[in-house]
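First up is the structure itself, then whatever we jot down about it.
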Amino acid sequence: MEPAEDFLKRKLQERQQSGTYRQLKPENGLVDFCSNDYLGFAHSIVLKQNIAHEVNSHPLSLNGAAGSRLLSGNIKYAEDLEKQIAAYHQSEAGLLFNSGYDANLGLLSSLAQRGDTIILDELVHASIIDGARLSYANRYSFRHNDLESLESKLKIAKGNCYVVIESVYSMDGDTPPLFEILTLTEKYNAALIVDEAHAVGLYPKGLVCELGLQERIFARVVTFGKALGGHGAVVLGSNYLRNYLVNFARSFIYTTAASFHQLAAIKMAYRLLENSGEAITNLKRNIGLFKQEVNTGENFTLLNSDSPIQCIVLKSNEMAREAARQLQMNNLDVRPILSPTVAQGTERIRICLHSFNTENDLTLLTVTLNKFILLHA
């Protein structure tokens, strides 16, 4: 039997040899084209001041929750916040989780039982895949945004069936044909779950509300670590779903509740979101400017996306790393996305646009990119 330390060393050496070894890196002071802070909330002095005021307005609040919500960690403030968030997203109820990962893990691992079926778009987030794996359900994936592939899996589904998609995909930045997918799931009596992590902000209440489909969706997951600039998540759905998760979702039951400061930050972020029309307009303008000015030529592909996530497929780890290096040398924080994180041959640079990026920032970004692409045409 291989000793544990030898196993660790061997696996790390394999990753180093493959060129996909990763290390944690400190802040680098470059122009941000990397983070998920689409509306600048994580940087917002106004939001920081509002959070401080809210915390100071509750002098008896604890520094930490001191227990799970089923023991000593539940407070009225959290329950009121859940009701406010649910109302904002036009949902009957909501349940807070400590992260988007916890939300997807708890929701999917507890919902589907042995003999049921979970069907996932092949590009859903790792937290969704892991949640499905922890259930005892039959699991299938369908080709990305492919209705024919989805229907082929719906036809063989057994028991209660749950279909899980994202409203904006984190690695491609595209959106699903939501109307058509919903029509299919309703045809086969399957429940549709939509992860809205990267949609809220571009669409203030998420894509589901933007399209007026909230009454037809079984569950939504909204995270607070992207455009809302904080941390945590909420699962939106019926009162029955909320109560079910309180009783069966292990990532809710067996974890310490969020601190008062975290809850206050979420509440103040939603208050700021309600008055962020200008920031959203700036974000949409920057998306349009980038798409207008970048030129990928014939050899590379700019993926079809109207979201802040813009990806240029460069087809190899080496090319993606070199593009990112050139951009970083020009003070632009863009990171490569390498295989096996994405499929071999789809290695890319992933560019995240923000409301606070200036026209000069975007010009430097697109000019640098266009020079690199021309050089490697």
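The values are calculated or read from the model by the stated rules, or taken from the named source; none is laboratory data. Remember, predicted model here, so these are calculated numbers, not experimental data. Ideal geometry is used to build each Cβ from the backbone, glycine not excepted, and the neighbour counts take in all protein chains shown. What goes into the accessible areas is simple: the full protein's heavy atoms, side chains included, and nothing from ligands, DNA or RNA. Shrake-Rupley method; radii C 1.70, N 1.55, O 1.52, S 1.80 Å.
Within the range 315-323, is there a residue that is in contact (Cβ under 8 Å) with a residue 60 or more places away in the chain and among the aliphatic types (A, V, I, L, M)?
The answer is no; no qualifying residue exists.
Among the listed residues 103, 52, 86, 78, which satisfies the condition of being part of a helix (DSSP H, G or I) and over 17 Å from residue 230 (Cα atoms)?
On the way: 103 fails: over 17 Å from residue 230 (Cα atoms); 52 fails: over 17 Å from residue 230 (Cα atoms); 78 fails: over 17 Å from residue 230 (Cα atoms).
Among 103, 52, 86, 78, only 86 is part of a helix (DSSP H, G or I) and over 17 Å from residue 230 (Cα atoms).
Could you tell me whether residue 138 is surrounded by 15 or more Cβ atoms within 10 Å (Cβ to Cβ) and out of contact with any Phe, Trp or Tyr (no Cβ under 7 Å at 6 or more places or on another chain)?
Taking the combined requirement at face value, the residue satisfies it.
Scan the range 313-335 for residues that are surrounded by fewer than 22 Cβ atoms within 10 Å (Cβ to Cβ) and within 16 Å of residue 172 (Cβ to Cβ) and jot them down.
Within the range 313-335, 313, 315, 335 meet the criteria.
Report yes if residue 357 is in a helix (DSSP H, G or I) and within 15 Å of residue 310 (Cα to Cα), otherwise no.
no
Looking only at the range 145-155, count every residue that is touching a residue at least 12 places away in the same chain (Cβ under 8 Å), open to solvent by 40 Å² or more (accessible area, probe 1.4 Å) and not acidic (Asp, Glu) and tell me the total.
Here the count works out to 3.
Going by the structure shown, is residue 129 closer than 28 Å to residue 35 by Cβ and either surrounded by fewer than 22 Cβ atoms within 10 Å (Cβ to Cβ) or under 20 Å from the mean Cα position of the chain (by Cα) (or both)?
Answer is yes for this residue.
Working only within the range 209-237, note down all residues that are more than 26 Å from residue 47 (Cα to Cα) and touching a Ser or Thr at 6+ places or on another chain (Cβ under 8 Å).
Once the filter is applied, which keeps residues that are more than 26 Å from residue 47 (Cα to Cα) and touching a Ser or Thr at 6+ places or on another chain (Cβ under 8 Å), the range 209-237 yields 214, 237.
Taking residue 207 as meeting all but one of (1) in contact with a strand residue (DSSP E or B) (Cβ under 9 Å, 6 or more places away or on another chain); (2) open to solvent by 20 Å² or more (accessible area, probe 1.4 Å); (3) farther than 19 Å from residue 99 by Cα, write down the number of the exception.
Here residue 207 meets the rest and fails (2).
What pairs come up if the first residue lies in the range 27-39 and is crowded, with 21+ Cβ neighbours inside 10 Å, the second is at pLDDT below 95, and their beta carbons are under 6 Å apart, counting only those six or more places apart or on different chains?
38/201; 39/201
For residue 229, all conditions in the list (1) in a loop (DSSP other than H, G, I, E, B); (2) more than 22 Å from residue 284 (Cβ to Cβ) hold save one; what is the number of the exception?
It fails just one condition, (2).
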